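Peer 1: Dropping a structure here in structure tokens format, bear with me for questions.
Throughout, read-outs are computed from the coordinates displayed, never taken from laboratory work. These figures come from a predicted structure and were not determined experimentally. No Cβ is skipped: glycine too gets one built from the backbone with ideal geometry, and neighbour counts run over all protein chains shown.
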Amino acid sequence: MQNEQECKIIINALDAILQYPKFQISPKSSSFLEYVVHQTLDGNAERIKAYTIAVDALGKPPDYDPSNNPSVRVLALRVRRTLDEYYDKYQHQQLTIKLEAGSYVPQFVNRGECDGRDNTTDMMASQQAIAGSGR
């Protein structure tokens with residue numbers, strides 16, 4: 001179960017990422033990332049789809065059709081690249097937020113406070129319990 005401390009760590013990591021200049025100059029990228037992280041923490045990961053991102057986070061009209069408009073997929077690629085660039089520059093982050101190709105649901109990877117090891121499994125086990133936790 002995602003506990004309150006883990007949620008705070010994730011939100012702090014998100015806040016730091018959103019201060020990165022490339023996110024600062026791209027409100028759409030920032031909105032995208034904020035939306036998917038908060039939806040996941042709120043237990044709504046199953047709700048994260050191109051349509052909901054477009055309408056809820058990016059202000060697209062309700063008749064938005066993701067099969068005819070790739071804007072969310074293109075934006076997701078940009079967000080992934082910007083996250084990679086951010087973590088290349090700031091390599092010693094305790095927690096990373098990842099968006100795997102083919103998914104809009106973020107993964108929260110605890111890289112360990114001191115040893116630098118990847119504790120993906122620990123955070124993923126916690127992340128899977130989010131849906132019932134309500135944060």
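Peer 1: Within the set of pairs 6 or more residues apart or between chains, which connect a residue that is free of Cβ contacts under 8 Å to residues at least 24 places away in the same chain inside the stretch 78-103 to a residue that is surrounded by 12 or more Cβ atoms within 10 Å (Cβ to Cβ) and of a type in the set (D, E, K, R) with Cβ atoms less than 8 Å apart?
Peer 2: Pairs found: Ala101/Arg80.
Peer 1: Still on this structure, please answer the following. List pairs: first in the stretch 48-76 and closer than 11 Å to Phe32 by Cα, second aliphatic (A, V, I, L, M) and not in a helix (DSSP H, G or I), Cβ under 7 Å, 6+ apart or cross-chain?
Peer 2: Close Cβ pairs (under 7 Å, with a partner that is aliphatic (A, V, I, L, M) and not in a helix (DSSP H, G or I)) amount to Ile48/Val105; Ala76/Leu99.
Peer 1: Quick check on Asn3: is it in contact (Cβ under 8 Å) with a residue 24 or more places away in the chain and either surrounded by fewer than 15 Cβ atoms within 10 Å (Cβ to Cβ) or among the charged types (D, E, K, R) (or both)?
Peer 2: Numbers: in contact (Cβ under 8 Å) with a residue 24 or more places away in the chain: yes; either surrounded by fewer than 15 Cβ atoms within 10 Å (Cβ to Cβ) or among the charged types (D, E, K, R) (or both): yes.
In short, yes.
Peer 1: Now for a separate question. Which one of Val105, Val37, Val79 is over 19 Å from Cys7 (Cα atoms) and among the β-branched types (Val, Ile, Thr)? Before you say what the answer is, go through the steps one by one.
Peer 2: Numbers: Val105 fails: over 19 Å from Cys7 (Cα atoms); Val37 fails: over 19 Å from Cys7 (Cα atoms).
Residue meeting the stated conditions: Val79.
Peer 1: Could I ask something else about it? Name the residues in the stretch 24-37 that are within 13 Å of the chain's Cα centre (by Cα) and either closer than 14 Å to Arg78 by Cβ or surrounded by fewer than 16 Cβ atoms within 10 Å (Cβ to Cβ) (or both), would you? Before the answer, list the steps.
Peer 2: From the stretch 24-37, those within 13 Å of the chain's Cα centre (by Cα) are 29-37; that's our starting set.
If the condition is that a residue be within 13 Å of the chain's Cα centre (by Cα) and either closer than 14 Å to Arg78 by Cβ or surrounded by fewer than 16 Cβ atoms within 10 Å (Cβ to Cβ) (or both), then Ser29, Ser30, Ser31, Phe32, Leu33, Val36 are the ones that fit.
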